[in-house]
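S.K.: Below is a structure I'd like to ask you about.
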Amino acid sequence: MARKSPRRSGSGVTIHDVARHAGVSPMTVSRVINSEGRVRPETRDKVNLSIKSLRYSPNLAARNLASAETVLIGILYANSTAAYLSELLLGALEQSSLSGCQLVLEQCEDVESEKRAIQRLTATGGIDGIILPAPLCDSQEALKAVADAGIPAVLVTSGPPSPGFSAVSINDFEASREMTRHLLSLGHKRVAFINGHPGHTATGQRFRGYIEGLTEAGLSVGPDQVAQGFFTYRSGLEAAERLLGNGWNPTAIFASNDDMAAATIAVAHRRGLDVPRDIAVVGFDDTPLATMIWPELTTVRRPISDMARQAVRLLIEQIRAKRTGAVPQMVHQLLDYTLIKRESSAPRRKAKG
């Protein structure tokens, strides 16, 4: 009689295959999939890379039967760019699928809708935890409503997290300062800046990094070299028109997200300026738009999908701790950013004569 082959997942890849590929034990793979602690970050990254490489898909039906309760996670979002939201949801969906939990999405437009959305999510029989990405991670009303509901929450934010909440972020200040230093290293001294939405923590962090980068090089910042944007393409068009039409004549423009940087390149082209020969343009986030425009955009890669994955993992750990009666630990995970150099930035062209 022929021997039966071991059961495999729908993709034909088992947890043992992932373990061999990553060079770890099956138990470690299980801990990563189930968002359990006691796994070093570098080991977790190695396992997640193997899962993606092998396209491993856990048997969620069996896992849900084996678990005492299904974990429901709410994600509240508002006023996000399409690129940011799609990256955020991609990471959250991938990790929730691996961890066998379910996501519930709620959109809100103002303070009142924030409160109503949180009330719906936290009603009896509702969600077990909530993720608050920008800009809701900065909303005192949203944070208070979640705290009053007494459910675990994780913020996807910039800068130091609010007290009493776990958070996942990058150092926007350092990333912005590094980008400013990059432009200065190319010989640009007339570096203009397009600010982001004034209600976002990231805006202040990125502007501070820009100011610090210029200050440490002995350069001051005047009113003609900073324009207000709102993280939208249209606001980037208006800001770029102001910067390129006020007579200050920058040789480089640092826009605090990719949408506004793309708009700046469009305005420069319309004015007959070559990018980067006449003016360098850089952005922030490394969204898909950064490589869909010409020239491709120099930018800061913010690992939005990875931030969402980590937020789901942290939240599941807190939910499980609460179910066992333990006190959830507040954790701030600071992920790495990367300066991506592409064709939209180049050394400043020396004046003739």
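Every number in this text was worked out from the coordinates using simple rules, so none of it is lab data. Computed from a prediction, not measured in an experiment: that's the story for all the values here. Cβ sites come from the backbone with ideal geometry, for glycine too, and all protein chains shown count toward neighbours.
S.K.: Using +1 on the beta carbon of Lys and Arg, -1 on that of Asp and Glu, and nothing else charged, what's the dipole of segment 187-328 about the Cα centre, debye to 20?
M.R.: Here the size comes out at about 520 debye.
S.K.: Follow-up. With +1 assigned to the C-beta of every Lys and Arg and -1 to the C-beta of every Asp and Glu, and no other charges, what is the dipole magnitude of the chain about the Cα centre in debye, to the nearest 20? Numbers along the way, then the final one.
M.R.: Numbers: 41 positive and 35 negative charges, 268 e Å.
My answer is approximately 1280 debye.
S.K.: While we're looking at this one, here's another question. Counting each DSSP H run of 4 or more residues in the chain as -39500 (n - 2.57), what helix-only mean residue ellipticity at 222 nm follows after dividing by all residues, to the nearest 500 deg cm²/dmol? Could the numbers behind the result be given before it?
M.R.: Working: 12 runs with 151 residues, N = 353.
Calculated mean residue ellipticity at 222 nm is -13500 deg cm²/dmol.
S.K.: Considering the options Pro198, Leu186, Ser176, tell which one lies farthest towards the positive end of the dipole of segment 170-215, charges being +1 on Lys and Arg and -1 on Asp and Glu at the Cβ, about the Cα centre.
M.R.: Of the listed residues, the answer is Leu186.
S.K.: In whole angstrom, how far apart do the alpha carbon centroids of segment 139-196 and segment 282-353 sit?
M.R.: 10 Å
S.K.: With a sphere of radius 13 Å drawn around the Cβ of Arg177, what net charge do the other residues whose Cβ falls strictly inside it have (Lys, Arg +1; Asp, Glu -1)?
M.R.: Value of the local net charge: -2.
S.K.: On to the next question. If packing is taken as the average number of other Cβ atoms within 10 Å across a peptide's residues, how do 249-256, 71-78 rank, most packed first?
M.R.: Top to bottom by mean Cβ count within 10 Å: 249-256, 71-78.
S.K.: If you rank Asp306, Asp128 by fewest surrounding Cβ atoms within 10 Å, what's the result?
M.R.: So the ranking, lowest neighbour count to highest, is Asp306, Asp128.
S.K.: Work out, step by step, the length gained on full extension between Ala123 and Glu174: first 0.36 nm times the residue separation, then minus their alpha carbon distance; give nm to one decimal. List each step's numbers first, then the result.
M.R.: Numbers: separation 51, 0.36 × 51 = 18.36 nm, distance 3.99 nm.
Once the chain is fully extended between Ala123 and Glu174, it gains 14.4 nm.
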